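Quick note: the coordinates plus some simple rules give every number you see, no bench work behind them. What you see is a predicted model; the values in this text were computed from it and never measured. Cβ atoms come from the backbone with ideal geometry, glycine included; neighbour counts cover every protein chain shown.
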Amino acid sequence: MARSEIERLLKKEFYTGKFEWSGVLYQGDHPAVIDRFVFDRVQGAFKARSNGRFTKRQFTFSRLMTCGVCGSAITAEIKKNRYVYYHCTGYKKSHPVTYVPEGM
């Protein structure tokens, strides 16, 4: 079974004993397979995870910082095949970008 199929199944409220019909959520007659508390925790985990993009390298401070100016994510780059620098992605707002070395 593909990972995307498992994710699709985990996001269905049907397994909590409810079903959706024409955009309205109803309580079903079928028994719940999973507790509502556990279902809500799983949905929270899905929302908290990254946007699904994966990189070849894992940097020390990746996904831990946001820009103090605009609130965008901080990303890392390798320069000269040796040095790691962090900088704002500038996604939310354009501003002067400052590069900070990892070993600072």
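Seen from all sides and averaged, what is the projected area of the convex hull of the Cα atoms in the stretch 3-48, in nm²? Walk me through the numbers on the way to the answer.
Numbers: hull surface 14.8 nm².
Its Cα hull, projected and averaged over all orientations, spans 3.7 nm².
In terms of Cα to Cα distance under 24 Å, which lysines are near enough to Lys92, apart from those fewer than 8 places away along the same chain?
Within the straight-line limit of under 24 Å, Lys92 reaches these lysines: Lys47.
What's the local net charge at Ser72, with K and R +1, D and E -1, over the other residues with C-beta under 12 Å away?
On the way: positive: Lys92, Lys93; negative: none.
Once positives and negatives cancel, what remains is +2.
What angle, in degrees between 0 and 90 and rounded to the nearest 10, separates the Cα long axis of helix 36-48 from the longest principal axis of the Cα atoms of the chain?
Long axis of 36-48 versus the principal axis of the chain: about 30 degrees.
Please give the length that would be gained between Ala2 and Asn81 if that part of the chain were fully extended, namely 0.36 nm times their separation in residues minus their C-alpha to C-alpha distance (nm, one decimal).
Details: separation 79, 0.36 × 79 = 28.44 nm, distance 3.54 nm.
24.9 nm is the gain from fully extending Ala2 to Asn81.
Can you sort Ile74, Ile34 from fewest to most other Cβ atoms within 10 Å of each residue's own Cβ? Don't jump to the answer; show the numbers that get you there.
Details: Ile74 18, Ile34 15.
Fewest-to-most ranking of Ile74, Ile34: Ile34, Ile74.
So if I restrict to the alpha-carbon atoms in the chain, what is the Rg, and what is Dmax, the biggest pairwise distance, in Å?
When restricted to the Cα atoms of the chain, Rg and Dmax are 20.6, 63 Å.
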